[in-house]
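Just below is one structure, and these are the notes that go with it.
Throughout, read-outs are computed from the coordinates displayed, never taken from laboratory work. Given the structure is predicted, the values throughout are model-derived calculations rather than measurements. Every residue, glycine among them, receives a Cβ derived from its backbone with ideal geometry; neighbour counts consider all protein chains shown.
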Amino acid sequence: MDNDASMTSSSSGISLTWLLRLRWITTVSQTAAILVAKWLLPDELSVGPLLGLVAFGALSNVALMLRLRKPEPVHPALPGLVLGLDILLLTGLLYGSGGAANPFTAIYLVHITLAAVVLRGFWSWALGLLSVTSFGLLFFWSVHIHSLAHMEHGGGGGLSLHLVGMWVAFAITAGLIAAFVGRVTNALRHRDEELAALRDLTARQSRLVALTTLAAGVAHELGTPLGTIAVAAKELQRAAEAMGPQASSLAQDAGLIRQEVGHCRRILDQMAGPSGSTLGEGLQALAWSDLEADLTQGLAEEDRPRLVFEWPQAACGPMPRRGLARALHAVLANALEATPRPRRVNVRALAAQGTWQLEVVDEGHGMAPDVLARAGEPFFSTKPTGSGMGLGLFLARTFAEQLGGELRVNSRLGRGTSVQMIWPVAHG
């Protein structure tokens, strides 16, 4: 999904910012090590090619720094490519300074550890394999440094058992680092994702509590003036009826006022209740036919035939009927409004892996990616001012989460929108 891609790009940007600083430190350290080695081994070490490789690494870091200043999102593969370049540069430096006999070959393990911490499993194993292969090649091809040669590192003919053992030990160490450090990193990353989801759920629950309190207060404050309007309209209707046929239109207007006041009172009663919540509502056996009747109640006559229901044979089971109907009403209202007449809106339910999955699919114009990313936020709406409060998907998502489930919204421009409410099957 787009949200996941955005999070991955953001994580890659953070990783690259961290690697950028580490590579500057590495550049300074490598330069200092080469100069010290030249001072200790003035006749054996050629520093020109080595400093050239360090300069190339520094230039690549400048290019990386310029890339991070651009507003475009970073490709998730870029950190892995940067670490792969660093491994190749390290191999070139070791090649020109003694090969496998150089004690700085242990730095390969640093790159493998960085890959396991910063990147996903594939990259850590791929860069580990690259490091093991590069280290093995240094046993065969390198610039011989006599002062660094000892035992079987002198660059003679063939590989001794000692050199083979070194390479195998390095490969095992690299594999263990990639496996265990990668597993620990993935566990920590999963925990962070769960904490972020929990914080998001807590924030939505807090907004719902504030919204419910506000709605109850508004309902209480508007109850008295609506009652006064209803009484005045009733008296006006009686007076108009007493005046005879000449005041029939006035009597009809007064009756219409009373009807609309009653409609407002019903809305306020819903607002005073647990908006989108199951609190205070007991579970009751619910048949799909009952839910269908609840969903079609209150719809315009021309919209009812546009709903196509597909219910499974199995019963829905114990559910907070009023909360479910209220949550789905908001989703259906959006779907019917988005779908041009006479096109239809499909409502279907199915049981899968211990959950109920109820899906509402419309044939509207769909949502742009930036709108889809904000779908479900309270008070976010693309409708004209006064046409909606932007609470439908928010209340539906809150209801699903209170049941231990979730709400999924998929949409593409020109291909309609699918809203899927998922909750665990309740037994009882």
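Structural remarks
- Whole-percent pair-distance distribution, where bins are 5 Å wide, for the alpha carbons of region 284-424: 2, 10, 20, 25, 22, 14, 7, 2, 0
- Packing around the peptides 331-340, 68-77, 227-236, 411-420, taken as the average count of other Cβ atoms within 10 Å per residue, puts them in this order, highest first: 331-340, 411-420, 227-236, 68-77.
- Computed from phi, the 3J(HN,Hα) profile of region 320-329 under the Karplus parametrisation 6.51, -1.76, 1.60 (θ = phi - 60°) reads x, 4, 5, x, 5, 5, 5, 5, 6, 4 Hz, with x in place of Gly and Pro.
- For the pair region 101-137 / region 322-369, the C-alpha centres are spaced 50 Å from each other.
- Karplus-derived 3J(HN,Hα), 6.51/-1.76/1.60, for each residue of region 23-39, Hz, glycine and proline x: 5, 5, 4, 5, 4, 5, 5, 5, 4, 5, 5, 5, 5, 5, 5, 5, 5
- Sequence-separation-based contact order of region 284-424, relative, with Cα cut under 8 Å and 6+ spacing, percent: 23
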